[in-house]
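Report on the following structure.
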Amino acid sequence: MTDRYASFVQSAAGRALVKRLGLPDPPRLRRHRPGDPLLAGPALVGAATGGRLAEPITKILTAAAVEWADAAAAEQAGGAAAQPARAHGDTPQRYGALLFDATGITDSAELRQLYDFFHPQARAVLPSGRVIVLGTPPQECPTPREATAQRALEGLVRSIGKEFGRGTTAQLVYVSRTDGDAGTLTSLESTVRFLLSGRSAYVSGQVIRVGGGTASAPADWDRPLDGQVVLVTGAARGIGAALAKVLARDGAQVVALDIPAAGDALAAVANDIGGTAVQLDLTAPDAPTRLAEHLASRHGRVDVVVHNAGITRDKTLGRMDADRWDQVIDVNLSSQERINDVLLERELIPAGGRIISVSSIAGIAGNRGQTNYATSKAGVIGLVDSLAPTLRERGISVNAVAPGFIETRLTARIPLVVREAGRRMNSLAQGGLPVDVAETIGWLAWPASGAVSGNVVRVCGQSLLGA
Ligand code: NAD
């Protein structure tokens, strides 16, 4: 489905009208194309006094061929602290990304260092720029004051996501204090690479926790899923079809699953990417064992399980028949639990494995007419919370993504006025594309992301709903 308004505002007539009437101005987002550099311009790196992550971050940027400048050095070259850094002569330097290591902040008074770093650069970020703040998880802080200051970072990041505009996104990454831990550092690298790149175009205002798991860096960051066997449910269309494509592009062997009635579309998706198709209704009583047998006989394992299949059967609660309730809970939640149980019991998900579920912002914010759907999607978050700690011991990560308004057949069915409101009520003033959800799931699936577990990452352009 196309967003005609977003296309219109890119035209000369559209731009004039948007300016004159103060209409929403959805920017054209920078999306990943293989071979593209991670950023559209250099990165500026700053650190609070005593921070522990400046060195790993600059190493990551250098390894990723990102040109970067040290804020302290750039400030000296440009003169006063309140001036944007200057490149050559009088041309203000503009940055593709601003990264700040805030792990050294141990007291609220020291939050001033954030202002000192970001204030001069607030208007110096290129379109589709990136802001990343690194902190310490508050629960790992030794003093209440440090925990308070670290928690405060969230407010800054979420506000920058709303303020900077022009497609710029902002995220907070809490990195565990497992200094020198190879898994944590590798997953910090996978996370920073994802967040800087066009893969994270529609992810903003998120808090991501990294730490405490094993992870292995790929031989080639352009094929981060090489050799991985990945199951995608609901792969015949929409987000699932985009997922199959993105994961195959990144090197995965994809097993695409959908209901028999979607067999033709499923076969087309699988053929297109050189994957295999499995026609199976996930709610059938024998679905978990049939699926397990298929994966065992064809591949001997499944490295990544993506629970994407989902349905809606909307009605307000008073008008909802029990069938609508049962179907939605069964497809969206119970079938995931049954499949996880069998695959884990038969040890088909090896150490280094991934379980990734698709939730929804409806599961976070609730939605009128969707008590069944929101219950199932909040349950998916419960599944992540409850499984992540135990599966960590087996080296398996569990995460969810929660899409906001994504342009698919599901959202095309929403009445026009509600649809238009849903599209614009986020910091990027537009709906996301299936590929945006797919890229985010892809990052969580990478072997390099093993120390990212127990997260629910919203792919919603920083939607106002449930924020
Ligand atoms: P979609 O309806 O286009 O695709 C869902 C796929 O799941 C279909 O191919 C369908 O045949 C398959 N499926 C349904 N029941 C199944 C079953 N019993 N067994 C096997 N396959 C089954 O939906 P979509 O928009 O691509 O959504 C994908 C996921 O993202 C869903 O979980 C949905 O709830 C979630 N989501 C979507 C949006 C959005 O804006 N589109 C927002 C939030 C969450």
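The values are calculated or read from the model by the stated rules, or taken from the named source; none is laboratory data. Worth saying up front: this structure is predicted, and the values here are computed from it rather than measured. In this analysis, Cβ positions are derived from the backbone assuming ideal geometry, glycine residues included, and neighbour counts consider all displayed protein chains. Protein only, heavy atoms only, side chains kept; ligands, DNA and RNA dropped before computing areas. Shrake-Rupley method; radii C 1.70, N 1.55, O 1.52, S 1.80 Å.
Some notes on this structure:
- Span-like helix ranges in the chain, DSSP H, alpha carbon extent 24 angstrom or more, Kyte mean at least 0.0: 371-392
- Across the range 349-356, computed HN-Hα scalar couplings (Karplus, 6.51 cos²θ - 1.76 cosθ + 1.60, θ = phi - 60°) run 9, x, 4, x, x, 9, 10, 10 Hz from first to last residue, x flagging Gly and Pro.
- Per residue accessible area in Å² of the range 31-210, where ligands, DNA and RNA are left out and the probe is 1.4 Å: 41 Å²
- Accessible-area value, Arg177, 1.4 Å probe, nucleic acids and ligands omitted, Å²: 90 Å²
- Taking Leu387, Leu291 and ordering them by how much accessible surface each has at a 1.4 Å probe, largest first, produces Leu387, Leu291.
- Overall form of the range 228-295 per C-alpha gyration tensor (a/c, 1.5; a/b vs b/c): oblate
- Counting heavy atoms of the protein chains alone, Val417 has an accessible area of about 120 Å² for a 1.4 Å probe.
- Protein accessible area in the chain, 1.4 Å probe - carbon and sulfur %: 53 percent
- Per-residue SASA entry for Glu189, accessible area with 1.4 Å probe, Å² rounded to 10: 30 Å²
- Convex hull volume per residue in cubic angstrom - Cα atoms of the chain: 154 Å³
- In the range 351-467, Rg over Rh equals 1.01, where Rg is the alpha-carbon radius of gyration and Rh the Kirkwood radius from pairwise Cα distances.
- Near Tyr95, the amide H atoms lying under 5 Å from its own belong to Val125, Leu126; only residues 5 or more places off or on other chains count, and H is placed 1.01 Å from N.
- Most to least packed among 424-433, 24-33 [average Cβ atoms within 10 Å]: 424-433, 24-33
- Taking label positions 7 Å along the Cα-Cβ direction at both Glu55 and Ile329, the computed distance is 5.4 nm, reported to one decimal.
- Approximate spin-label separation Glu67-Asn271, in nm, with each point projected 7 Å along Cα-to-Cβ: 4.7 nm
- When the Cα gyration tensor is reduced to axis lengths a ≥ b ≥ c, the ratio a/c stays below 1.5 for the range 229-459, which is therefore classed as rounded.
- The mean accessible area for residues of the range 229-459, using a 1.4 Å probe and ignoring ligands and nucleic acids, is 38 Å² per residue.
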